[in-house]
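Notes follow once the structure below has been shown.
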Amino acid sequence: MSAVELLYGSRDGSTLGAAPILEASSREEVKLTDVEIHYCLFELPMAKVLPRLPTSLHPSVPAVIGLTVWRCPDGPLGRFSLAYVGVACRTGIKPRHFIHGAFCDSAEVSGWLARRYGLACRAAEIHSLGTYDRIYSEITVGGQRILELSTTGMQPLVGRGGMVKYSPILNAARIEYATVLVQMETSFEFKRVVRGVPSTGLYAAADLGDATLAPAYPISGTFSIVDVTLHAPRFKLDVSVPAERGGAAKL
């Protein structure tokens, strides 16, 4: 019997760029009600993913890219919309998404997310709309539309299956002059969930954070109305040492 081969990313951590400085002093929870989340998954070639993941992360199998759009109508952070793009990965055996592009329509929320979780957002106009036959989201930066995302053929998910597994996202952040990966800690209480088939009418890969990564085959698209709790970050991960080799530590 042949030995199990583990796949790792091949990206040098020094190429992650200028990461936000993490300010982990605030530990309070922030609760957001009736957040609308449009979440779509697509397969893409594994050969495209491995060079984009730091060496401490495993890719998902098959390779997957996730597109997520939040619309928060009100709450302690005010009204805002947030979108992010990332590739599915694992820290040890735990599923995550490594983010390579993020956008927000509120400068105040963008700053808060960067300081708390290392999520660096570009200013953008973000719209998400549900009609009788589809969920449609778009991102516009500097007057140029860079993403058109739809989910059609929707069916409600009810009962114990009326939920979605959102893998926590990982962001590059600086702590004491070192670049690490920090997890955005969230929990969700689902009120409504529908699932369908996702598609992209427009996907400007370079403008969305990585010119080499683009959706190839649709997996699933969901739309949910949820109450979200944003928890303080708890862990940091080395960009080169995997969690199973001691690369994960508490903040």
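The values are calculated or read from the model by the stated rules, or taken from the named source; none is laboratory data. Quantities reported herein were computed from a predicted structural model and do not represent experimental measurements. Methodologically, a virtual Cβ is constructed for each residue, glycine included, from the backbone with ideal geometry; neighbour enumeration extends over all protein chains shown.
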Checklist entry - Are any residues in region 210-229 in contact with a Lys or Arg (Cβ under 9 Å, 6 or more places away or on another chain), farther than 16 Å from C40 by Cβ and part of a loop (DSSP other than H, G, I, E, B), and if so, which ones? => result D210, T212
Checklist entry - Applying the selection to region 5-28, what residues are more than 22 Å from H58 (Cβ to Cβ) and among the aliphatic types (A, V, I, L, M)? => result A18, I21, L22, A24
Checklist outcome for this item: Of G143, G153, G162, the only residue that is farther than 19 Å from R79 by Cβ, touching a Phe, Trp or Tyr at 6+ places or on another chain (Cβ under 8 Å) and small (G, A, S) is G162
Checklist outcome for this item: Quick count over region 119-158, residues being loosely packed, with under 15 Cβ neighbours inside 10 Å, of a type in the set (D, E) and touching a strand residue (DSSP E or B) at 6+ places or on another chain (Cβ under 6 Å), is 1
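Can you tell me how many residues within region 156-184 are more than 15 Å from I37 (Cα to Cα), touching a residue at least 40 places away in the same chain (Cβ under 8 Å) and out of contact with any Lys or Arg (no Cβ under 6 Å at 6 or more places or on another chain)?
Step one: of region 156-184, the residues more than 15 Å from I37 (Cα to Cα) are 158-161, 170-184.
From what's left, touching a residue at least 40 places away in the same chain (Cβ under 8 Å): 170-175, 179-184.
Those left that are additionally out of contact with any Lys or Arg (no Cβ under 6 Å at 6 or more places or on another chain): 171-175, 179, 181, 183-184.
So the answer is 9.
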Checklist entry - Within region 230-241, can one find any residue that is surrounded by fewer than 19 Cβ atoms within 10 Å (Cβ to Cβ), touching an Asp or Glu at 6+ places or on another chain (Cβ under 9 Å), touching a residue at least 12 places away in the same chain (Cβ under 8 Å) and not in a loop (DSSP other than H, G, I, E, B)? => result yes
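Check every one of the strands (runs of 3 or more DSSP E) wholly within region 4-118 and list those with 1 or more residues that are without any contact (Cβ under 8 Å) to a residue 60 or more places away in the chain and surrounded by 16 or more Cβ atoms within 10 Å (Cβ to Cβ). Quick ask: steps written out before the conclusion?
On the way: elements: 30-43, 64-72, 80-91, 94-104.
Answer list for region 4-118: 64-72, 80-91, 94-104.
In region 149-195, which residue that is of a type in the set (D, E) and either assigned to a loop (DSSP other than H, G, I, E, B) or over 17 Å from the mean Cα position of the chain (by Cα) (or both) is modelled with the highest pLDDT?
Among them, the one singled out is E189.
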